[in-house]
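Written below as structure tokens is the structure these notes are about.
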Amino acid sequence: MRFALLADVHANLEAFEACLAHARARGAARIVLLGDLVGYGADPEAVLTRVMALRAEGAIVLKGNHDAAIDGPAGYFNEAAREALQWTRSRLDAAARAFLASLPLVVREGDLIFVHASARDPERWTYLDGTGAAQRCFDAEPGANYLFAGHTHGHRLYAHLHEGRANAFVPVPGTAIPVGRHRRWLAVVGAVGQPRDGDARAAYALFDEPAETITFHRVAYDHAGAAGKVRAAGLPRSLAQLLEGRA
Amino acid sequence: MRDVHGIEPGARIDGFEIGERVHAGAMGTLYRVTGPDTGFPMVMKVPRLGEGEDASGLLGFEAEVTILPVLEGPQSPRFVASGAISKLPYLVMEWIEGTSLAERAAHAPIAPEAVAHVGAAIAEALHALHRQEVVHHDVKPDNVILRREGGAALIDYGLARHARFPDLLAEERRFFSGSAPYIAPEPVLGTRNDARSDLFSLGVVLYQLATGHLPFGAPRALAGLRDRLWRDPVPPATLAPIPPWLQEVILRCLETDAALRYQSAGHLAFDLRNPGQVELTARAARSGSTGFWGQAARWWRGHGLRLEHATARDPEPAPVVLVAVDTENEGDDRHPALQRAVRRILASAPEIRLVFVSVVPAVLDAGESAQLEHRMRLRSWVSPFALPPHRHSLHVLEAADAAAALLAFARANLVDLIVLGAPGPSQLRLAWWRSVASTVTSQAPCSVHVVRRPAAGHDWV
């Protein structure tokens, strides 16, 4: 079975659809949405409608910190995120809010585990931003062979070494990387809806379970259109610029 | 007799029948195997595992199992099969028929021409590997097989790094004792993404073959490995009768600073195949100890590496560009167009190496004067570019078939791009050059850039 791992969609419908189509064309049978469905982007309703339909078809959907903040505290958000949060709250109806509130923080399937931030205290939204954080994430779920997360908006592949050490690797898009089951792996899959590395293309990953490979992808989409909608909605300009690859 | 793995001749593993044990080392054991017909002899590698075994041994096995299946070409053994690492770890690959370079090294010093011949074959193998984004990191006589049919193959990818796969050995600081004499400064300092490290190791091998000595001894501890960061090797010509060009090549490989070495294995192979083209510097004439100030300079360079390598990125090997110049027919407008193209290429790629080739018909008894005449024409053709000697070389080939000669030269010298001029539709006198261009284009082992000055007016269709 091939898993499509999509994190940080952030209400960017164009990027979301482009990644779904890209993954389907490559044989993805299972869609996993690793949280932060909303926030920043201009299409929260349309994205959530699509997500609800996908879940009805068997997709795994997780809660991210932006999803949790819709009906919760947002104390540590920066100004642009806070503005986008206020705007998003005004757009979502009760059904959409209830859907977001119902999402799980962690999903386990066999020796696979899916989480938005770190598997260690997922509700604290810790960034997996180095080998130390990755190691704590590995340690929190000793039974998991493959761990998948988002939240940092960057892409990394961590390998679990012996004696409490992790190895970090920046993947080259489009390369099928062998990730054998003899070793434990943690993939931070990059952001669909708001990459921050200066490359405007959307990021996601495909995990081929029987072949034991993971491929990180970058997908070109109508980022100018998505940025235009952000501007038209009156959201902070910096959010539109990020979509245009101006990091 | 059962061995440490409990494997005995005649046993079957996943359809492979175990034969003779051919090697038992620190990393694992090799058995000849038979099985599915692959058309070539096979060997199975089984890693050493279990209590008290070094974890880096397993990481090395894992690196090999990951990298070998994606490699293409005769520079490495062909991958056949592997077992799940956590259940039945084994690797079946091609058994390369030939001679281990270790056997040749045992008889060192060997003649400079033989050193160059073997060295060029290894450099070509490394070039093929580096093009596939792999750094071998364990170039030493034990790991080089001189194929029976010619050419060299590199075996044992237990320390190798593939730029597109996680490098699980990145944090390992232990090295296998047999490799210590050959290891480059960069991996000693913890940087494993520089293909030029393999050229340093090859330099150690060339030094050993040419003199019978190891330039930095055989250190047993990490501290001993740091010697190569500041101690200049004894010039090889003081140990054996070595021509200046070979000393130049060897000492250039052994530079502490990778930027002072050859920038690609292809360039090193080229120099070893064309000793007359080696640009001699002070290295060629070095005869004694470098003295305190020379050592201080090397130490200083080695010191600077620590900072520089913290931010080093995978370098692209410097490309080799062949420019075919027609020195028989000068003065037509193909020449300025071709020179413009060369100038554009130079502007876009500073590390590039240019090889200018003229093919002239073989004329019996014309003597050397014709050769010399074309060489001079070639030199004057190149002079506007003011290229430093190490960036370019000039060649006059005598052959009846210009296309075949260019193609053979490009293949032998690992050329990345061929640039040639084709005559315009109105240049009937040069029409045969059109067929040279089309033959080269269709059969070249690399990219081809055909430069053509668009003909004016009605000629243009």
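Of the residues making up the range A:154-162, at least one is free of Cβ contacts under 8 Å to residues at least 24 places away in the same chain, within 14 Å of chain B (Cβ to nearest Cβ) and either outside any loop (DSSP other than H, G, I, E, B) or among the hydrophobic types (A, V, I, L, M, F, W, C) (or both). Given the options B:TYR157, B:TYR182, B:TYR207, name the one that is within 14 Å of chain A (Cβ to nearest Cβ) and within 23 Å of B:ALA269 (Cβ to Cβ). Of B:TYR157, B:TYR182, B:TYR207, the one residue that is within 14 Å of chain A (Cβ to nearest Cβ) and within 23 Å of B:ALA269 (Cβ to Cβ) is B:TYR157. Any residue that is more than 25 Å from A:PRO178 (Cα to Cα), touching a Gly at 6+ places or on another chain (Cβ under 8 Å), away from chain A (no Cβ under 14 Å) and at pLDDT 95 or above - is there at least one of those in the range B:185-197? No, there is no match, as no residue in the range B:185-197 is more than 25 Å from A:PRO178 (Cα to Cα), touching a Gly at 6+ places or on another chain (Cβ under 8 Å), away from chain A (no Cβ under 14 Å) and at pLDDT 95 or above.
Only residues that are in a helix (DSSP H, G or I) and within 13 Å of the chain's Cα centre (by Cα) were counted in the range B:256-287, giving 9.
So, of the residues in the range A:170-185 that are touching an Asp or Glu at 6+ places or on another chain (Cβ under 7 Å) and within 8 Å of another protein chain (Cβ to nearest Cβ), which turns out to be nearest to A:VAL106 (Cα to Cα)?
Applying the first criterion (touching an Asp or Glu at 6+ places or on another chain (Cβ under 7 Å)) to the range A:170-185 yields A:178-181.
From what is left, the residues that are within 8 Å of another protein chain (Cβ to nearest Cβ) are A:178, A:180-181.
Values: A:PRO178: 25, A:GLY180: 23, A:ARG181: 21 Å.
This residue is A:ARG181.
Residues in the range B:408-428 that are crowded, with 19+ Cβ neighbours inside 10 Å and either free of Cβ contacts under 8 Å to residues at least 60 places away in the same chain or hydroxyl-bearing (Ser, Thr, Tyr) (or both): there are none.
Being under 23 Å from B:GLU171 (Cβ atoms) and either modelled with pLDDT of 95 or more or within 28 Å of the chain's Cα centre (by Cα) (or both) holds for only one residue in B:GLY73, B:GLY60, and it is B:GLY60.
Tallying residues that are assigned to a helix (DSSP H, G or I), of a type in the set (A, V, I, L, M, F, W, C) and touching a residue at least 60 places away in the same chain (Cβ under 8 Å) within the range A:86-142 yields 2. Which of the residues belonging to the range A:3-62 are within 25 Å of A:LEU235 (Cβ to Cβ), charged (D, E, K, R) and in a helix (DSSP H, G or I)? Answer for the range A:3-62, where residues must be within 25 Å of A:LEU235 (Cβ to Cβ), charged (D, E, K, R) and in a helix (DSSP H, G or I): A:GLU14, A:GLU17, A:GLU45, A:ARG50. In the range B:391-400, of all residues being of a type outside the set (Val, Ile, Thr), in contact with a helix residue (DSSP H, G or I) (Cβ under 9 Å, 6 or more places away or on another chain) and surrounded by fewer than 21 Cβ atoms within 10 Å (Cβ to Cβ), the one that is farthest from B:ARG375 (Cα to Cα) corresponds to B:ARG391.
Are any residues in the range A:186-204 in contact with a strand residue (DSSP E or B) (Cβ under 8 Å, 6 or more places away or on another chain) and away from chain B (no Cβ under 14 Å), and if so, which ones?
Residues of the range A:186-204 in contact with a strand residue (DSSP E or B) (Cβ under 8 Å, 6 or more places away or on another chain): A:186-193, A:195, A:199, A:201-204.
Of everything in the range A:186-204, those that are in contact with a strand residue (DSSP E or B) (Cβ under 8 Å, 6 or more places away or on another chain) and away from chain B (no Cβ under 14 Å) turn out to be A:VAL189, A:GLY190, A:ALA191, A:VAL192, A:GLY193, A:PRO195, A:ASP199, A:ARG201, A:ALA202, A:ALA203, A:TYR204.
Might you check whether a residue that is at pLDDT below 95 and under 23 Å from A:LEU186 (Cα atoms) occurs anywhere in the range A:4-27? Within the range A:4-27, not a single residue is at pLDDT below 95 and under 23 Å from A:LEU186 (Cα atoms). Can B:ALA121 be described as of a type outside the set (Lys, Arg), in the same structural domain as B:THR211 (by TED's automatic domain parsing) and touching a residue at least 12 places away in the same chain (Cβ under 8 Å)? So B:ALA121 fits the description; yes.
Does any residue of the range A:145-152 turn out to be assigned to a loop (DSSP other than H, G, I, E, B) and within 12 Å of another protein chain (Cβ to nearest Cβ)? Steps first, answer last, please.
We begin by selecting, within the range A:145-152, every residue assigned to a loop (DSSP other than H, G, I, E, B); these are A:145, A:150-152.
Narrowing further to those that are within 12 Å of another protein chain (Cβ to nearest Cβ): A:145.
Yes, the range A:145-152 contains at least one residue that is assigned to a loop (DSSP other than H, G, I, E, B) and within 12 Å of another protein chain (Cβ to nearest Cβ).
Total residues in the range B:176-206 satisfying the condition of being closer than 14 Å to B:ARG228 by Cα and among the aromatic types (Phe, Trp, Tyr): the figure is 2.
The values are calculated or read from the model by the stated rules, or taken from the named source; none is laboratory data. Source: prediction; values computed, not measured. Counting neighbours? That spans all protein chains shown, and the Cβs are built from the backbone with ideal geometry, glycine included.
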